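To start, the structure itself, in structure tokens.
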Amino acid sequence: MKRSNDFEFNGLDEGRFTMFASVLRVNSRRALAAAGACVAVATGALLAPGQALGDTPFDMDSFMSSAGGNQLKVVSLTNDERAKAGCGALATNTNLNVVAQEHASDMAVNNYFSHNSQNGDTPFDRMRAAGASGSGYMAENIAWGQTSPEQVVQAWMNSAGHRKNILNCNLKRIGIGYAVGPGGKTYWVQDFNG
């Protein structure tokens, strides 16, 4: 595990890997730049040839009920953990859902695993561009390889950095991204803001 005051990388068993980067009232670009060093190897494409991520209008109801309800289940499990710690429930947020889903899909389509998009945007750049509002607190958890909402939330809870994000009572809203890439590899994103 590599660690500094800004970031933490955690390897997990069975080919699963989770990575954490968080910012509280500051934009921690050096932590996110370091996160770019972690890459998942995948092949193929998730979208149809010529289809761009933004080509399909976003429908919140379809998104939240898609993929077997994985997004809703992750929110529910995350809120269960917060309740145990005395934090209020996170509310789902359309803008955060869009940002998280686009990032999960982008990682699956473009064969990488990083908080930073390939164009250099950080999670916080993406959240601000999508109109994230609130207290200024923001955080992101990402993971790949877990096959169920239960597995991914447990993996995040087993990681100090991810757990800190989930149990941060200053965070009030959540967006979830879930994508399945080539070979069935799953990509998960939690975006939070205050």
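Per-structure values
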| item | result |
| --- | --- |
| Any hit, region 143-152, residues being in contact with a His (Cβ under 9 Å, 6 or more places away or on another chain) and open to solvent by less than 40 Å² (accessible area, probe 1.4 Å) | yes |
| Candidates Gly177, Gly184 - the one that is within 22 Å of Asn70 (Cβ to Cβ), open to solvent by less than 30 Å² (accessible area, probe 1.4 Å) and of a type outside the set (Val, Ile, Thr) | Gly177 |
| Qualifying residue in region 69-86 (condition: within 21 Å of Arg173 (Cα to Cα), at pLDDT 95 or above and in a loop (DSSP other than H, G, I, E, B)) | yes |
| Residue within region 111-120 that is touching a helix residue (DSSP H, G or I) at 6+ places or on another chain (Cβ under 7 Å) and open to solvent by 40 Å² or more (accessible area, probe 1.4 Å) present | yes |
| Criterion violated by Ala129 - all others in (1) modelled with pLDDT of 95 or more; (2) small (Gly, Ala, Ser); (3) open to solvent by 30 Å² or more (accessible area, probe 1.4 Å) satisfied | (1) |
| Residue tally, condition farther than 16 Å from Val75 by Cβ, of a type outside the set (A, V, I, L, M) and assigned to a strand (DSSP E or B), over region 135-194 | 4 |
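The values are calculated or read from the model by the stated rules, or taken from the named source; none is laboratory data. What you see is a predicted model, and the numbers here were worked out from it, not measured in a lab. Note: ideal-geometry Cβ built from the backbone for every residue, glycine included; neighbour counts use all protein chains shown. These area figures cover heavy atoms from the full protein model, side chains too; ligands, DNA and RNA do not enter into them. Shrake-Rupley method; radii C 1.70, N 1.55, O 1.52, S 1.80 Å.
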